[in-house]
1. Which of the residues spanning segment 66-93 are under 25 Å from P9 (Cα atoms), under 17 Å from the mean Cα position of the chain (by Cα) and hydrophobic (A, V, I, L, M, F, W, C)?
2. Kindly establish whether V296 is free of Cβ contacts under 8 Å to residues at least 40 places away in the same chain, of a type in the set (A, V, I, L, M) and not in a strand (DSSP E or B).
3. Please enumerate the residues belonging to segment 77-98 that are more than 25 Å from Q345 (Cβ to Cβ) and surrounded by fewer than 18 Cβ atoms within 10 Å (Cβ to Cβ).
4. Please count how many residues of segment 23-53 are hydroxyl-bearing (S, T, Y) and surrounded by 14 or more Cβ atoms within 10 Å (Cβ to Cβ).
5. May I ask you to list the residues in segment 176-191 that are buried (at least 16 other Cβ atoms within 10 Å of the Cβ), in contact (Cβ under 8 Å) with a residue 40 or more places away in the chain and within 17 Å of Y100 (Cβ to Cβ)?
6. Return the pairs, sorted by first residue and then second, in which the second residue is in a loop (DSSP other than H, G, I, E, B) and among the β-branched types (V, I, T), the first residue lies in segment 192-219 and is in contact (Cβ under 8 Å) with a residue 40 or more places away in the chain and over 22 Å from L125 (Cβ atoms), the beta carbons are less than 7 Å apart, and the residues are 6+ apart or on different chains.
7. Look through A338, A347, A304 and report the one residue that is in contact with a strand residue (DSSP E or B) (Cβ under 6 Å, 6 or more places away or on another chain) and at negative phi.
8. For segment 241-254, check the following and say yes or no: at least one residue is part of a loop (DSSP other than H, G, I, E, B), hydroxyl-bearing (S, T, Y) and either surrounded by fewer than 21 Cβ atoms within 10 Å (Cβ to Cβ) or at pLDDT below 95 (or both).
Amino acid sequence: MLEFAKSEPFTLGVEVELQIVDRETHELSPKAPQLLHRWSGPATVQPEIFQSMIELSTGVCRDAAHAEADLRATAERLLPIAKGLGVRFIATGTHPTARYTERKLFPADRYHGLIARNQWIARRLQIFGLHVHIGMENPEVAIAIQNELLHDLALLLAVSTSSPFWEGDPTGLASSRVTVFEALPTGGSPQLVHDWNEFCELVETLTKAEAITSLKDLWWDIRPSPRYGTIEIRICDGLATLRETADIVALAQALAKRAGARVAAGQGRTFPPMWRVRENKWRASRHGMDAELVIVNDGTHAPARKYLARTLDELVADGHLDGTSRHTAHLRGIAEGAPTSSERQRAVYAATNSLSEVARSVAEEFEEDVLSRGASL
C-alpha cells in the first residue's frame, strides 16, 4: 500500500507554471535552461516539459497570504534575471499565438518518456496551470475530501479561466487549456474511488498494466499526493497575477476546510454523477463565469456568479473563509461582475484586433503586479 506522508491539515503548497516570453515580441522563448543556470536561490524554481516554461513553488504555507508572499519573494528575485536574458513572464493558461510544433523539449528522461508514449497528445502540452496542495490528516480523510470537492471543481475552474486563445485562434472557450488535458489517457476528471485501499489498488493495477509509470502520470483535475500528504487541485488555469492566484488559493483552502468539516460530521455529500461533473467542467470551460452550473442532480442549475456569491456567504458564515480579507473582497468582485482574465483578454482583443497586444497585456499584468507587490489591479 502507498505510504501517505504526514502533513498539517489544511496547510498549503502552491505551484505556478509560467510562460517565458521575449520582452519585445512576447512570443514564447526557450530560455528556461539559462534562467535556471543563473538562479542561485532555493529549489522554488524548476523546469517543466518545454524550455519556454518554468514552475514556481512555495514551501508549506499557513494560508493564501503566506503563499502569495512566498511566490512574490521568488518572482521578485527572478524578474531581474529574466530581464538580463531579454525575457519576461506570462502566467495565464495558454499563450495566445504560440504553436506547439515550435516548442523545444526540456532535456529530462521523464519528458522524453512522456512524448514517446503519448506522441502528439503530449507535444501539445504548451499549457500553464495553478496547482494547489492542501494538507490532509490521513489518507482516508484525503479520499473523502477529494470526493466532496468534486462538487466544487467547476466553480474553481470558472473563476480561474484565462485561456481563451489557442495558436492564434479565438476558441470561443474561456478555458481551452483543460481541453488539452482531456486528451491524455489518464487526464481530466478523476476516477471515483471510495477509500484509500481502493485508490492504492487502482494505482497498482494501472502500474501493472503499464498505463502509468508513477503517480505523476495521473493527470487528474484533483488527485492525492502521498509524497506530500496532500490532495492536489489541478483544474485551475494559471492566473494572470499573483494577487489573483492567492484569491483562488484562499477559495480552494476554504472549500477544503468545509469539505473536511462535513466529512468529520458524517455529512459528506455522495458522489455527484459523472455526467454532472463533466457537464459542469464543460460549462465552466466554455462560458467561464457566465456559465450556468448544474447544482442538483435533478438538473437544477444556477448562474456561476450567483453560485459563487452564495458559496462565499456560506464559507464566511461557517468560519472557513475570512470575510474581511482582500482575497474574499476580490472574489466577491468577480461574483458581482468583475472580469476574469479570459474576459480581460477578450476585451483587449476586441479593442485592438491584435493577439500580440493580448500577449503584451498579460505580460505587463504579471510584471506590474510583482513590482507593485500586488497593489495594482
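The values are calculated or read from the model by the stated rules, or taken from the named source; none is laboratory data. The model shown is predicted, which means the values in this text are computed figures rather than measured ones. Here the Cβ is made from the backbone with ideal geometry for all residues, glycine too, and neighbour counts use every protein chain on show.
1. Those that are under 25 Å from P9 (Cα atoms), under 17 Å from the mean Cα position of the chain (by Cα) and hydrophobic (A, V, I, L, M, F, W, C): A67, L71.
2. yes
3. R77, P80, G84, L85
4. 3
5. Passing the criteria: S176, R177, V178, T179, V180, F181, L184.
6. F199/V193
7. None of the others qualify; the one that does is A304.
8. No: segment 241-254 contains no residue that is part of a loop (DSSP other than H, G, I, E, B), hydroxyl-bearing (S, T, Y) and either surrounded by fewer than 21 Cβ atoms within 10 Å (Cβ to Cβ) or at pLDDT below 95 (or both).
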